[in-house]
1. Need the list of lysines near B:Lys134 for cross-linking: C-alpha distance under 20 angstrom, and skip anything on the same chain fewer than eight residues off.
2. What percent does the relative contact order of chain A come to when contacts are Cα pairs within less than 8 Å and at least six residues apart?
3. When a/c is below 1.5 the answer is rounded, else prolate if a/b is larger than b/c, else oblate, so apply that to region B:1-129 with a ≥ b ≥ c taken from the square roots of the Cα gyration tensor eigenvalues.
4. Ordering B:Asp137, B:Asp4 by how much accessible area each has at a 1.4 Å probe, largest first, what is the list?
5. Tell me the relative contact order for region B:27-120 as a rounded percent, counting alpha carbon contacts under 8 Å between residues six or more apart.
6. Kindly provide the trypsin sites (Lys or Arg not before Pro) of region B:155-246 that DSSP labels as loop, not H, G, I, E or B, and whose Cβ sees at most 13 other Cβ atoms within 10 Å.
7. I'd like the isolated cysteines in chain B, meaning no second cysteine's beta-carbon lies under 4.7 angstrom from theirs.
8. For peptide A:205-215, compute the average count of partner chain beta-carbon atoms within 10 Å of each residue's beta-carbon.
Amino acid sequence: MIFDVNISWGVWPFQPLRFASVAKLKKSLLKNGIYGGLVRSAEAAFSPDLEHCNRKLSINFKTDDNFIPVPTISPRNQEWKHLLESEIRFFAVYPSYHDYSVLSIEFAELAKWLENKNKVLIVVVRQEDERGHNKLCQIPPVPVTEINKLGRQFINLKIICLNCYFGELKTLLTDVPNVNADIAFAETMNTIRTIEEQFGHQQIVFGSHTPFLYSKAALMKLKNSGVSEGIFNAIASENIKRILK
Amino acid sequence: MIIDIHTHNTLSETDSLISTAKYNNVDKIVLLGNVLRFGYYPVEEQVHEINNDTIKTVKKYPDTCYGFCFLNPANGVDFTLAELERCVNKYRFRGVKLEVSVNCRDKRLHPIMKKLSELNLPLLHHCWYKTVNKCPDESTPSDIVYLARRFPTVKIIMAHLAGCGYLGVDDVAEYPNVYIDTSGGQPVASLVEYAVKRLGASRVVFGSDAPYRDISCQLGRIYGADLNEEEKEKIFYANAKELLKI
Ligand SMILES: [Zn+2]
């Protein structure tokens with residue numbers, strides 16, 4: 001049973017995303033053994049109206065389902081104060097797309113609230129390989145040094161970083177047990193085994209970045225990794241359950 | 001049966017490359033050489049050494065590995081052609097690999113292309129459309145088109161589908177001597193289907209770019225694509241079999 005922390009819904013200007021309906025997306029994920037996941041709005045990266053994106057997402061995905069809608073928030077849009085009072089546990093941020101630093105004073109206020117209310121912060125480090133960006137829309141990744149620093153400042157804030165490269169994991173995860181990363185972009189020979197050898201598996205969660213990437217790619221990365229059942233289960237679903245506690 | 005047309009034999013990792021390929025049910029792999037071992041512009045002795053490493057691995061794993069001769073077109077023509085003949089005649093290498101030493105529009109590629117045409121062997125060329133981190137002489141799909149038009153009898157495998165993107169696929173669509181390998185970059189969804197739609201399944205070849213990439217993840221790109229079994233069989237096996245003449 002696999003829980004996927006990295007699913008998007010919506011439109012993206014640079015890639016036709018593959019599923020025509022929510023039902024088809026869910027059907028494909030379920031067929032691949034992904035029983036649930038965290039779904040965020042793709043267009044929230046560019047939209048000036050996050051409330052609109054979040055509403056659209058919540059119409060398509062219900063919180064009582066296993067595919068949980070994750071609202072996008074920004075320190076530059078005060079809607080987060082109202083959202084934090086709700087039952088919602090996960091919140092996504094696109095710092096690079098929304099042009100702020102996770103070390104800014106404004107973000108510190110938001111981080112403090114999330115920490116106090118035991119919410120989980122999802123940081124979208126990148127959406128695409130920067131080398132393939134449109135020349136007129138070059139969005140740098142969120143520096144993992146900054147996220148590591150954020151994790152040190154707010155030691156009880158649970159953070160999940162999406163779409164980090166393998167080469168970024170050491171900087172990101174060192175000495176911050178509250179910071180976690182998904183596997184969608186991390187790639188080297190025998191990725192999962194190499195991650196296990198170098199960083200352990202406690203801070204690693206399954207993410208596929210569907211529908212931007214083929215779900216099967218992340219699935220095979222994990223399933224063909226040859227790690228023990230215990231490590232497999234931790235990455236597939238146990239770690240995210242632990243983060244939620 | 002699965003053939004991986006794009007791997008690199010970095011000395012320290014060769015044994016684990018082979019065992020990982022086997023573990024993932026990849027039966028045969030093409031070794032393109034440790035092409036960046038001496039940087040972007042290797043001199044003749046370095047090119048020779050890189051090919052010697054490939055020869056060593058092919059000798060060690062003759063049932064699994066095929067070699068491609070790595071060259072830098074900026075080196076002397078006599079050396080380059082002699083090196084190519086050495087690798088092909090003595091060690092049965094199946095093609096030539098060019099990386100980023102010289103842009104493929106450069107006429108210094110011509111002797112190599114003429115020789116490949118004569119030997120009826122393919123060229124596998126690195127290729128990418130990059131917005132950032134571009135190497136000075138790196139080739140793009142539009143550069144590959146230039147080469148493909150000039151040498152229509154040589155089969156050119158344009159590397160890195162995800163790096164070439166939709167635009168790169170469109171660029172080469174009209175040139176039947178250009179193939180595309182699926183290696184490298186992220187497993188961007190829908191792109192394999194797009195390449196098959198525009199080029200036909202007979203011009204798309206599976207490659208992983210291991211050990212820089214994870215073979216299982218790269219396989220997932222094909223298994224996850226919305227293609228029929230016949231198309232997948234061509235990508236995984238039949239096309240490479242024909243290109244490599246095995
Ligand atoms: Zn390569």
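The values are calculated or read from the model by the stated rules, or taken from the named source; none is laboratory data. Not measured: the values here are computed from a predicted model. No Cβ is skipped: glycine too gets one built from the backbone with ideal geometry, and neighbour counts run over all protein chains shown. The accessibility values were calculated without ligands, DNA or RNA, using every heavy atom of the protein model including side chains. Shrake-Rupley method; radii C 1.70, N 1.55, O 1.52, S 1.80 Å.
1. By straight Cα distance, B:Lys134 reaches A:Lys135, B:Lys97.
2. Numbers: 422 pairs, mean separation 47.6, N = 245.
Averaging sequence separation for qualifying contacts and normalising by length gives 19 percent for chain A.
3. Values: a/c = 1.70, a/b = 1.62, b/c = 1.05.
It comes out prolate by the Cα gyration axes.
4. Values: B:Asp137 55, B:Asp4 0 Å².
Greatest to least solvent exposure: B:Asp137, B:Asp4.
5. On the way: 119 pairs, mean separation 28.4, N = 94.
In percent, rounded to a whole number, it is 30.
6. Numbers: sites: B:Lys155, B:Lys197, B:Arg198, B:Arg203, B:Arg213, B:Arg221, B:Lys232, B:Lys234, B:Lys241, B:Lys245; in loops: B:Lys155, B:Arg213, B:Lys245.
Counting only loop positions with at most 13 other Cβ atoms within 10 Å, the trypsin sites (Lys or Arg not before Pro) in region B:155-246 are B:Lys245.
7. Among the cysteines of chain B, those whose Cβ sits 4.7 Å or more from every other are B:Cys65, B:Cys104, B:Cys127, B:Cys135, B:Cys164, B:Cys217.
8. Details: counts 0, 0, 0, 4, 4, 2, 2, 5, 11, 15, 4.
Taking all residues of A:205-215 together, the mean is 4.
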